[in-house]
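Student: Handing you a structure now.
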Amino acid sequence: MTYETPVAAAPAPVRATPPTRQEGGVLGKRRGTVATVIIALLALAWLFPLIWALANSFRDYNYTQANGYLSFGGWTTSNYEEAWSRGNFGLHLKNSLLITVPAVLMTLWLSSMVAFVLARFSYRFNLTLLGIFLAANLLPPQALLIPVFRMFREIPLPLFMSDSGSMLNSFWALILVNTAFQMGFCTFVLSNYMKTLPHEIYESAELDGASVWRQYWQLTMPLVRPALAALATLQVTWVYNEFFWATVLIQQGNKLPVTSALNNLRGQFFTDTNLVAAGSIIVALPVLVVFFALQKQFVSGLTLGSTKG
């Protein structure tokens, strides 16, 4: 008589249950709704002056004075036509273009070269050089008003570059001043961006015989394009809206940038606020166009490294 050894039955497979989401966490529905409402209210409060100016720029001044700004009506487009002709925006927009484009290009180009040296090479005065560039951002422009004015008054320029024979009353003065004051911030941002690039790509480039210039121009510059786009957006906004140095270094009305054209819309005894609102919208349009054109690169440049660590 033989006995068979019983075979143990295979255990039943355990079915994994998906994790359940706990309510009331950071991403909870209630907190998400409250956060959305708060952000919407803050955005509305932030945009309210722009929306208010845009609405009043299409309204007649006499109608708003008779019926109040809370009334509805008096719509017209004559404010933009009068602001354009009276403020001579065509000339001043061209002046701002001749100042902003060279200043932004020079700032980004010089800052990228300094940042490449600071991020790529390590030497004794590395941090000292970065501190020197950042020092320009710590000084208020008013403290350098008199020295810069006297220096530019004594620097001669040929007549084909400046009809005044000096740096004063020339676009070169505003280009150099804006470049000098913005290089520190751009160098700091670009150097930190370039330090995130892997060193292996530079080692491979050196093995292939790439010079330092090729490593900078053909390897580094394409990789830092998001940071350059983000800085270009900020620099266009800052240089385009700059008013302090323009009033100090430019004394001829036909060479002032577009921000000074708003002064031409003021009356002797009263100011048409609707007309000034239309002029302000005209001044703000180029910056808005640049921002929306570079919006994708601007956001990607600001969020670099947010998912690391």
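The values are calculated or read from the model by the stated rules, or taken from the named source; none is laboratory data. A quick note: this is a predicted structure, and the numbers were derived from the prediction, not measured. Every residue, glycine as well, gets a Cβ built from its backbone with ideal geometry; the counts of neighbours run over all protein chains shown.
Student: Tell me which residues, restricted to the range 198-242, are over 30 Å from residue 262 (Cβ atoms) and not in a helix (DSSP H, G or I).
Tutor: 198, 199, 208, 209, 210, 211, 224
Student: Which number in (1) out of contact with any strand residue (DSSP E or B) (no Cβ under 9 Å at 6 or more places or on another chain); (2) touching a residue at least 24 places away in the same chain (Cβ under 8 Å); (3) not charged (D, E, K, R) marks the one condition that residue 152 misses?
Tutor: (1)
Student: Based on this model, can you work out whether residue 190 counts as in the same structural domain as residue 110 (by TED's automatic domain parsing), over 10 Å from residue 115 (Cα atoms) and in contact with a helix residue (DSSP H, G or I) (Cβ under 8 Å, 6 or more places away or on another chain)? Write out each step before concluding.
Tutor: Values: in the same structural domain as residue 110 (by TED's automatic domain parsing): yes; over 10 Å from residue 115 (Cα atoms): no; in contact with a helix residue (DSSP H, G or I) (Cβ under 8 Å, 6 or more places away or on another chain): yes.
No, not satisfied.
Student: Let me ask something else about it. Does the range 175-197 hold any residues that are part of a helix (DSSP H, G or I) and either over 18 Å from the mean Cα position of the chain (by Cα) or farther than 30 Å from residue 226 by Cβ (or both), and which are they?
Tutor: Listed by number, the residues that qualify are 176, 194, 195.
Student: Let me ask another. Within the range 42-60, is there a residue that is touching a strand residue (DSSP E or B) at 6+ places or on another chain (Cβ under 8 Å), surrounded by 15 or more Cβ atoms within 10 Å (Cβ to Cβ) and of a type in the set (Gly, Ala, Ser)?
Tutor: No, the range 42-60 has no match at all.
Student: Sticking with this one: List the residue pairs whose Cβ atoms are under 6 Å apart, where the first residue sits in the range 57-75 and is in a helix (DSSP H, G or I), the second is not acidic (Asp, Glu), and the two are 6 or more positions apart or on different chains.
Tutor: Final answer for the pair search is 57/79; 57/277; 57/278; 57/281; 61/274; 63/74.
Student: Right, next: Could you say which residue among 111, 166, 170, 122 is in the same structural domain as residue 239 (by TED's automatic domain parsing), among the polar types (S, T, N, Q), touching a Ser or Thr at 6+ places or on another chain (Cβ under 6 Å) and over 14 Å from residue 190 (Cα atoms)?
Tutor: None of the other options fit; the residue is 170.
Student: Can I ask one more? Condition test on residue 265, is it more than 18 Å from residue 295 (Cα to Cα) and out of contact with any strand residue (DSSP E or B) (no Cβ under 6 Å at 6 or more places or on another chain)?
Tutor: yes
Student: Another one. Looking only at the range 149-161, decide whether some residue is closer than 17 Å to residue 248 by Cβ and surrounded by 19 or more Cβ atoms within 10 Å (Cβ to Cβ).
Tutor: The first filter runs over the range 149-161 and keeps only residues closer than 17 Å to residue 248 by Cβ, leaving 149-155.
When the remaining residues are screened for being surrounded by 19 or more Cβ atoms within 10 Å (Cβ to Cβ), the result is 152.
Looking for residues that are closer than 17 Å to residue 248 by Cβ and surrounded by 19 or more Cβ atoms within 10 Å (Cβ to Cβ), one finds at least one in the range 149-161, hence yes.
Here is a yes/no grid of residues against (1) closer than 24 Å to residue 293 by Cα; (2) not small (Gly, Ala, Ser):
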| site | (1), (2) |
| --- | --- |
| 215 | no, yes |
| 230 | yes, no |
| 242 | yes, yes |
| 247 | no, yes |
| 253 | no, no |
| 271 | no, yes |
| 275 | no, yes |
